[in-house]
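Here the structure is laid out as structure tokens; the discussion comes afterwards.
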Amino acid sequence: MEQKLKVGILGATGMVGQRFISLLENHPWFEVTTLAASPRSAGKTYEEAVGGRWKMDTPMPEAVKKIVVMNVNEVEKVASNVDFVFSAVDMSKDEIKAIEEEYAKTETPVVSNNSAHRWTPDVPMVVPEINPQHFDVIESQKKRLGTKKGFVAVKPNCSIQSYAPVLTAWKEFEPYEVVATTYQAISGAGKTFKDWPEMVENIIPYIGGEEEKSEMEPLRLWGEVKDGVIVPAQSPVITCQCIRVPVLNGHTAAVFVKFKKKPTKEQLIEKLVNFKGLPQELDLPSAPKQFIQYMEEDNRPQVKLDVNYENGMGVSVGRLREDKVYDWKFVGLSHNTVRGAAGGAVLCAETMTAKGYITKK
Ligand SMILES: NC(=O)c1ccc[n+]([C@@H]2O[C@H](COP(=O)([O-])OP(=O)(O)OC[C@H]3O[C@@H](n4cnc5c(N)ncnc54)[C@H](OP(=O)(O)O)[C@@H]3O)[C@@H](O)[C@H]2O)c1
């Protein structure tokens, strides 16, 4: 790319915002020029605004330390500095819906981590290896918003990334019933053990809203584009329990599946390791070379050993075995703040840049 696209991060001081900043350091196409957060942080340098809240393992990049944080609510001002924005603000659903559309109406594409627009019929919700064709609905969304370049696109919830890609790879065997239990890391709530000491040696069997998202969002990924909107798929039926566990990063899922066409273990593994999508074909900067790895050892995947597979952009699968009640069962693992949040959004932005939806203003 001749000239990098200028990027703003809404919610830059939060956990996902910090992950965006870390992932975009030295990005070949995108340059972070603008940071915005709540009025509490506005006017401070990024370093001051974050203070002791920096949660990444790597140090805060020098290039952002002295950037003066702007107020997310000053839409025109923030938008005038950038070609597009990533959104990771923590506000009410209605406020997020409204503010993301306000940004779009300033002709600024918004690539969002938030759930607010995930069911807006003309907003694409994409995992680029699974449903990049859903970006086609951007054209009808732009008509609704009255924009030429501005739109909102979102990525799905972090919990589904450990099993939705796997079920997609197995689509031709027609999975029709799925039971999943997710074991979710505390960073998914924007927390570390320092901010959430109650989670040490603990399990909490409830994550608000998560089970509905885990059951329904995969169906939208597998849906069709029809008359300018996404029509969700009807099958497979997924039922889910989501459990918070004392892990910093990495969502694990234990999954049972029934298939209409009965596959062998060899066929299932072959489909996983050969599963590729548009990001691999286009060789996008953040694309994992091998999206899904299959691990033969009985004690893998493990969070500590495998969460950073393919820089946190890949999915690790193991323990695939026949089941007495269902046909097959397996365990999947993915990085919730990389593939499940900021990294997934960066890959969406790269795909939309390659497809010409995001350009210089
Ligand atoms: N953590 C994950 O793995 C994950 C995964 C997928 C999606 N998400 C979603 O991404 C969003 C951010 O999550 P997070 O974990 O990064 O949260 P977080 O650490 O609490 O960060 C929230 C960010 O939003 C800003 N903010 C809070 N209240 C605001 C207001 N009234 N007006 C404007 N900005 C405001 C904060 O700014 P200040 O610092 O100035 O307060 C901060 O930058 C949430 O909607 C979350 O559901 C998170």
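The values are calculated or read from the model by the stated rules, or taken from the named source; none is laboratory data. Predicted model, so just to flag it, every value in this text is computed and none were measured. A quick note on method: Cβ atoms are made from the backbone with ideal geometry, for glycine too, and the neighbour counts reach across all protein chains shown. Heads up: the accessible areas ignore ligands, DNA and RNA and are worked out on the full protein's heavy atoms, side chains in. Shrake-Rupley method; radii C 1.70, N 1.55, O 1.52, S 1.80 Å.
Among the trypsin sites (Lys or Arg not before Pro) in region 281-352, those located in a DSSP loop and surrounded by at most 16 other Cβ atoms within 10 Å of their own Cβ are 289, 324.
Computed from the Kirkwood radius of its Cα pairs, the Stokes-Einstein diffusion coefficient for region 288-349 at 20 °C and 1.002 mPa s stands at 174 µm²/s.
Note the angle between two axes, namely the Cα long axis of helix 343-354 and the longest principal axis of the Cα atoms of the chain, as a number of degrees from 0 to 90, rounded to the nearest 10. It works out to around 70 degrees. Stretching residue 25 away from residue 298 to a fully extended chain increases their span by 94.6 nm, per 0.36 nm per residue minus the current alpha-carbon distance.
Length gained on full extension, residue 189 to residue 233, computed as 0.36 nm times the residue gap minus the Cα-Cα distance: 13.0 nm. Would you work out what percent of the accessible area of the chain, with all protein chains in place, is carbon or sulfur (probe 1.4 Å)? The computed percentage sits at 50. With the simple spin-label model, which puts each label point 7 Å out from Cα in the Cβ direction, the residue 273 to residue 360 separation comes to 4.5 nm. Rounded to the nearest 5, the antiparallel percentage of DSSP beta bridges internal to region 1-147 is 5%. Partners of residue 265 within straight-line reach, counting lysines whose Cα lies under 26 Å from its Cα and excluding those fewer than 8 residues away in the same chain: 171, 276, 289, 324, 329.
Looking at region 294-361, which GluC sites (Glu not before Pro) are DSSP coil and have at most 15 other C-beta atoms within 10 Å of their C-beta? Each step should come with its number before you reach the end.
Working: sites: 296, 297, 310, 322, 350; in loops: 296, 297.
Sites meeting the loop and neighbour criteria: 296, 297.
Cross-link partners of residue 194 among aspartates and glutamates, defined as those whose alpha carbon lies under 15 angstrom from its own and excluding same-chain residues fewer than eight positions apart: 57.
Per-residue extension of 0.36 nm, minus the Cα-Cα distance of residue 136 and residue 4, leaves a gain of 45.1 nm for this segment.
Between residue 105 and residue 264, the simple label model (points 7 Å from Cα in the Cβ direction) yields a spacing of 6.0 nm.
Diffusion of region 153-240 by Stokes-Einstein, at 37 °C in a medium of 0.692 mPa s and with Rh set to the Kirkwood radius over alpha-carbon pairs, works out to 222 µm²/s.
Spatial offset of region 209-227 relative to region 86-162 amounts to 14 Å, using the alpha carbon center of each.
For the chain, which semi-axes, largest first and in whole Å, follow from the square roots of 5 times the eigenvalues of its Cα gyration tensor? Let's see the in-between values first.
Working: eigenvalues 212, 112, 66 Å².
Gyration-tensor ellipsoid for the chain: 33, 24, 18 Å.
Overall size of region 226-361 from C-alpha positions, given as principal axis extents largest first: 57, 39, 30 Å. Computed from the C-beta positions of residue 177 and residue 145, the FRET efficiency with R₀ = 45 Å rounds to 0.70. When the P(r) of region 56-130 is calculated, the portion above 16 Å amounts to 57% of the C-alpha pairs.
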